[in-house]
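What follows is a single structure, written as structure tokens, with notes after it.
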Amino acid sequence: MKKAYNNKIAPLVLGLILLASCHGLEELNENPDQIGSENVDPNLLMPTVINGAGKAVVGLGFGDLAGVMQHTQKDGWSSGHNAYDWSNDSHSWNGYYSLLTNNKTMIEKAEESNLDFHRGVGLVMKSYLFGLITDLWGDAPYTNALRGDEGFEFFDAPFDDQKAIYEGILADLNTANSLLSKDQDSYFSIQGDQDILFGGEVAKWRKFANSLALRYYMRLSAKESAWAEQGIRNLLSNPQLFPMILDASDDANMSYVGNTRDDSWPTNTKFDADPQGAYFRIKMAKTLVDALKALDDPRLGIWANEIDVPLVLEVGAPDGTDFVENGERHVAEDIVDAYEAILGFPVDYDKEYVGLPTAIAFGAAYNLSENVNQGTLNLHVSQLNDIYKEASGDLLQARLMSAAEVNFILAEAATKGWAPGAPEAYYNEAIQQSFNAWGIGDAFSTYIAGPAAYGGLEDILEQKWIASWSAAAESWFDYRRTGIPNLQAGEASKRSALPLRFYYHIDEIDNNSVNAEEAINKLETTEFKGDDASNNSAWSKMWLLQGTNKPY
């Protein structure tokens, strides 16, 4: 089990200077007591960076991007989650750059003290965080970011081209692999309790670095096929030189402590017992529920509860018939007809699992719910499993990178001829590792003998989409470059297609206007731009997608 976030560092973290990443300080206030690279132990910065990254992954992959990728839907306060009702004040990258500022201090201190482990970890986390930034927004401050402490001239940093950011990320990951290649005993000053991802195990960080490189090469595969192929072939040519996360025991997972609201799983009812709180708002999406039911997938029962009260149609019953018997609600045809005429969706009579359709109006009333308050218990739709009421738990993890993901990437690479062996073997192993991660490894043999048996690339990407539960950002990035799975926007969605990126935030546009406008002008608009006033649209294509004809 992974180490949990150590609250003892909180006073230290509060003392760290979080300089603006690329702008925003009209005056540079000097603090003689601030903690900088000259007087801080990098061990104490490490959990701050990891914890922030982990919470960001869950915030994205269990938040709005889970809605985009139709893992979940909300039946209250749902516009940003279900309908992509985003704008230039919806998503800011400031939190990422604050983490990167702390991470930069950790790297600098590690360099000064010749601490190769800490420097390697810092480069991995730098790559992870900058990777998220460019994946989510596109061009961004990179080369001259994080230099606000050097003077006023660095407050408004230029935006690097997205290609250059990926080049920098992959170079840093290669350096990290080298730094982390020695025996465990060769490193100094490792404090396992401060490494809340791997407990100070150097070999696991090395696997994480190379697995991230594999992720980013595949990310580039539609745009820069030759570059991606060469990178993947190089990584796979020498498994001893480039070890990867291939077993769930090596997954890059961060646990939640569960002592306070801030260090607890976001839907917990320990600190949010409101019957209209987060747990009661979020339901599994019908898209995912139906896919899991079609595959007879045992992960469904781990992620969702069975419905409290199944519905039964009383054919031929008198109008107005509506009663509960033996835990089931029986309704007459006229009640169903009236409901379906208003909501426009058929009643779902499944007796076990019912998901919430994508971006529907009046979601709280779905499936004949009699409680139409926003974000409350719907007796006829599946709630999330009770584990998601808890503040912490073995399965409540921030999942930064998994063996399942790595094996799915290898399966896709094998379909292209870039990886040795048959795609089916990697596909099967990916599903096995996903099952292992969720504690149901013994169910794999039966599962793979059924409808989930390998049939091609679409199966790889659909299963990867399923396995990214609670980490849906990765499935969004896959969807953008492949169009798989073939997800459709809902009736209440802001546009009739899924979004492709986050808007550059208004604060960046106002404070770093010349550089921001230059980046915005390089975005390529699509037919779904709608009423967005500039290229800065969630339906514009960043460099990574331009010229690929994907996903639309």
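The values are calculated or read from the model by the stated rules, or taken from the named source; none is laboratory data. The shown structure was predicted, so the numbers you read here are calculated from the model rather than taken from an experiment. When we count neighbours, we look across all protein chains shown, and the Cβ atoms used for this are built from the backbone with ideal geometry, even at glycine. When the accessible area is computed, the model is the full protein with side chains, heavy atoms only, and any ligands, DNA or RNA have been set aside. Shrake-Rupley method; radii C 1.70, N 1.55, O 1.52, S 1.80 Å.
Here are a few things to note about the model shown:
- Label zone at Asp531, where the point sits 7 Å out along the Cα-to-Cβ direction: region 473-512 residues whose backbone N lies under 13 Å: 494-495
- Computed about its Cα centre, the charge dipole of the chain is approximately 1220 debye, with only Lys, Arg, Asp and Glu carrying charge at their Cβ.
- The lysines whose alpha-carbon is closer than 18 Å to the alpha-carbon of Lys104, local same-chain residues fewer than 8 away aside, are Lys126.
- Protection proxy ranking, peptides 258-270, 426-438, 380-392, 319-331, average beta carbon neighbours within 10 Å, highest first: 426-438, 380-392, 258-270, 319-331
- Taking region 438-514 and dividing mean pair separation by its residue count, relative contact order in percent (alpha carbons under 8 Å, at least six apart): 16 percent
- With contacts taken as Cα pairs under 8 Å at a separation of at least 6 residues, region 407-552 carries a relative contact order of 17 percent.
- Per residue, the chain reaches -12000 deg cm²/dmol at 222 nm when only DSSP H runs of four or more residues are counted, each adding -39500 (n - 2.57).
- 37 °C / 0.692 mPa s Stokes-Einstein diffusion coefficient of the chain, Kirkwood radius on C-alpha pairs, µm²/s: 134 µm²/s
- Within region 54-140, GluC sites (Glu not before Pro) in DSSP loop having at most 14 other beta-carbon neighbours inside 10 Å: none
- Projected label distance in nm at Thr548 and Glu150, using a 7 Å step from Cα toward the beta-carbon: 3.2 nm
- Rolling a 1.4 Å probe across the protein heavy atoms gives region 324-444 an accessible surface of 38 Å² per residue.
- Whichever lysines have a C-alpha closer than 29 Å to that of Lys416, once near sequence neighbours (fewer than 8 apart) are set aside: Lys163, Lys204, Lys207, Lys223, Lys464, Lys541, Lys550
- Rounded D (µm²/s) - region 170-229, Kirkwood Rh over Cα pairs, Stokes-Einstein at 25 °C, 0.890 mPa s: 192 µm²/s
- Percent accessible area from carbon and sulfur atoms, the chain, protein chains only, probe 1.4 Å: 47 percent
- Over the chain, relative contact order from alpha-carbon pairs under 8 Å, at least 6 apart, %: 21 percent
- Global geometry of region 268-397, whether rounded, prolate or oblate, following the gyration tensor of its Cα atoms and the 1.5 cut on a/c: prolate
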